[in-house]
Amino acid sequence: MSSAPTTEDLLAEEADLVLDRFDYATAWNLGAHIRGIAAERRLPIAVEVFHGTAPVFFALLPGATPDNSEWIRRKRAVVLRFHHSSLYMRLLCESKGVGLSERYGLPGTEFVASGGAVPIFVRDVGLVGVATVSGLPDVEDHQLVVTAIRDLRCSF
């Protein structure tokens, strides 16, 4: 995907990222993999992986701040509400010329349409979790999570 994805690109990407399974161990491995990539690249991010409604992995890397955890919480809320990535929801709203809060009547303190939260889907089950990164420009946050999910899927 280019650095400027479209909503169509993101829908195709979501379909491509469907996993065969996702349990606590897989969630932990995904979070650890994202953290490992970020540490190697010295990225100042926060990373979180949820399985269902349970936080399984969370880390702040050097340079990240507690504010990044708030961004994660608000991005995750978007994925759990709409079952699409937070980047998809940002681009969808922008295509309609409105913000997420205006379009859906959601409080900005609880929801943010900014890339970095990616839904975790399991084949024949549906949405089972969310992986989220905060600290980089939102498309880069999104791409980091997608790269790690693809790597994880290849390891099955």
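The values are calculated or read from the model by the stated rules, or taken from the named source; none is laboratory data. On a predicted model such as this, the values are computed, not experimentally measured, just so you know. Here the Cβ is made from the backbone with ideal geometry for all residues, glycine too, and neighbour counts use every protein chain on show.
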Q: Looking at (1) loosely packed, with under 15 Cβ neighbours inside 10 Å; (2) modelled with pLDDT of 95 or more; (3) in contact with a strand residue (DSSP E or B) (Cβ under 9 Å, 6 or more places away or on another chain); (4) closer than 19 Å to Ser114 by Cα, find the lone condition where Val49 falls short.
A: (1)
Q: Mind listing whichever residues of segment 11-54 are part of a helix (DSSP H, G or I), in contact (Cβ under 8 Å) with a residue 40 or more places away in the chain, aliphatic (A, V, I, L, M) and out of contact with any helix residue (DSSP H, G or I) (no Cβ under 6 Å at 6 or more places or on another chain)?
A: Leu11, Ala27, Ile37, Ala38
(Q) Based on this model, can you work out whether Ile120 counts as part of a helix (DSSP H, G or I), under 14 Å from Asp23 (Cα atoms) and hydrophobic (A, V, I, L, M, F, W, C)? (A) no
Q) Taking segment 127-156 only, how many residues are at pLDDT below 95 and either within 19 Å of Leu61 (Cα to Cα) or touching a Ser or Thr at 6+ places or on another chain (Cβ under 8 Å) (or both)? A) 1
Q) Can Leu92 be described as in contact with a His (Cβ under 6 Å, 6 or more places away or on another chain), closer than 24 Å to Val18 by Cβ and modelled with pLDDT of 95 or more? A) no
Q. Which one is surrounded by the fewest Cβ atoms within 10 Å (Cβ to Cβ) among residues in segment 3-46 that are among the hydroxyl-bearing types (Ser, Thr, Tyr) and closer than 19 Å to His84 by Cα?
A. Ser3
Q: Name the one entry in Leu106, Leu43, Leu80 that is aliphatic (A, V, I, L, M) and within 20 Å of Phe22 (Cβ to Cβ).
A: Leu80
